[in-house]
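Here's the structure we're looking at; comments come further down.
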């Protein structure tokens with residue numbers, strides 16, 4: 001019998017604590033699906049999700065992050081058009097100047113009132129949940 005399981009990933013909402021309004025870092029993806037995304041990627045075999053989050057943040061943004069909290073897990077089978085993934089999302093802090101790296105074509109800082117419309121995956125939902133949590137203390141409801 002062959003088993004098919006979701007592939008674990010991490011996404012890291014990086015708040016720049018040394019800037020006014022604590023903007024977050026988004027990357028413009030170099031590979032499909034194209035658009036803007038929360039930094040993140042696949043968890044390697046044998047790697048704890050916390051280590052994967054720090055590694056992906058460093059590879060994609062050049063920033064050393066401090067993980068503040070595990071925010072939520074997103075696992076809708078349609079969240080990634082390429083395959084079924086489940087993402088452990090972390091909120092992190094960093095200081096410094098982010099640099100696009102790894103599979104990032106570009107990088108930019110965003111405040112809640114100017115997030116780009118062409119977000120990849122389910123990152124629009126994740127960011128809506130995050131802003132609601134940050135501004136009103138409301139965690140996402142489980143579906």
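The values are calculated or read from the model by the stated rules, or taken from the named source; none is laboratory data. The model shown is predicted, which means the values in this text are computed figures rather than measured ones. Note that each Cβ is placed from the backbone with ideal geometry, even for glycine, and that neighbours are counted across all protein chains shown.
A few comments on the model shown:
- The single condition from (1) surrounded by 13 or more Cβ atoms within 10 Å (Cβ to Cβ); (2) part of a loop (DSSP other than H, G, I, E, B); (3) touching a residue at least 12 places away in the same chain (Cβ under 8 Å) that residue 21 fails is (1).
- Among the residues of region 107-117, those identified as surrounded by 11 or more Cβ atoms within 10 Å (Cβ to Cβ) and modelled with pLDDT under 95 are 111, 112, 115, 116.
- Among the residues of region 95-110, none qualifies, meaning not one is closer than 15 Å to residue 12 by Cβ and under 12 Å from the mean Cα position of the chain (by Cα).
- Wholly within region 40-143, strands (runs of 3 or more DSSP E) carrying at least 2 residues that are within 21 Å of residue 7 (Cβ to Cβ): 40-42, 66-74, 85-94
- Subset tally (residues that are in a loop (DSSP other than H, G, I, E, B) and over 20 Å from residue 72 (Cβ atoms)) for region 24-39: 6
- Filter result (in contact with a strand residue (DSSP E or B) (Cβ under 6 Å, 6 or more places away or on another chain) and more than 19 Å from residue 70 (Cα to Cα)) within region 13-34: 27, 28, 29, 30
- Close pairs from region 6-17: first surrounded by fewer than 18 Cβ atoms within 10 Å (Cβ to Cβ), partner assigned to a strand (DSSP E or B), Cβ under 8 Å, at least 6 apart: 6/85; 6/86; 7/42; 7/85; 7/86; 17/93; 17/94
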